[in-house]
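Data block below; observations after.
Read-outs throughout are calculated quantities, based only on the coordinates presented, and are distinct from any laboratory measurement. Not measured: the values here are computed from a predicted model. Heads up, the Cβs are rebuilt from the backbone with ideal geometry, glycines too, and the neighbour counts pull from every protein chain shown.
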Amino acid sequence: MTEKNNDVNPMEAQMLQQQMQTIMIQKENTRVQLLEIDNALKEVKTTEGDVYKTSGILFIKSDREKITKELEEKKNDLDMRMNSLDKREEILKKQIISPKKDS
């Protein structure tokens with residue numbers, strides 16, 4: 001990112017860029033988790049037979065409806081996290097691009 005604001009000191013600009021990088025990494029990790037959950041939900045809904053979940057190194061037989069509900073709840077949590085990260089990203093973009101108003 002290029003600094004378009006001459007009023008922002010270099011340390012503040014670097015801090016904003018680091019925060020943006022952190023958010024981008026968190027968003028990518030959240031995207032990956034959402035993709036994994038979507039794939040797991042698809043498999044649970046389309047496959048026949050027993051369903052298992054992992055606990056550490058163990059596979060534990062579980063109820064299909066219970067696993068579906070857990071996955072959907074986790075997906076909802078991750079969707080909310082993604083929305084929060086999007087908002088934080090927009091705020092940071094505005095801070096990076098817009099002129100400093102404290103001066």
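A few remarks follow.
- Positive minus negative residues near Leu78 (Lys, Arg vs Asp, Glu; Cβ under 14 Å): -4
- Straightening the chain between Ile67 and Glu36 buys 9.8 nm, computed as 0.36 nm per residue apart minus the Cα-Cα spacing.
- Here Met80 and Met24 are evaluated by their C-beta separation; at R0 = 22 Å the FRET efficiency comes out at 0.75.
- GNM flexibility winner over the chain from Lys75, Lys45, Lys61 (Cα, springs under 10 Å): Lys61
- Each Cα pair under 8 Å and six or more residues apart adds its sequence gap; the mean of these over the residue count of the range 10-94 is a relative contact order of 39 percent.
- For the range 40-99, the normalised intensity computed at q = 0.17 Å⁻¹ comes to -0.68 (log10 of I(q)/I(0), Debye sum over alpha carbons, equal scatterers, no solvent).
- Cα centre as origin, Lys/Arg/Asp/Glu Cβ charges: the chain dipole, Debye: 160 debye
- Between Lys93 and Asp50, the FRET efficiency from the beta-carbon distance, with R0 = 30 Å, is close to 0.05.
- Across the cross-link table entries Lys27/Lys74; Lys27/Lys93; Lys42/Lys74; Lys66/Lys87; Lys42/Lys75, which are compared at the Cα atoms, the separations over 23 Å belong to Lys66/Lys87.
- Shown here: Rg and Dmax of the Cα atoms in Å, derived from the displayed model; of the candidates (1) 21.0, 58; (2) 20.5, 66; (3) 17.5, 60, it corresponds to (2).
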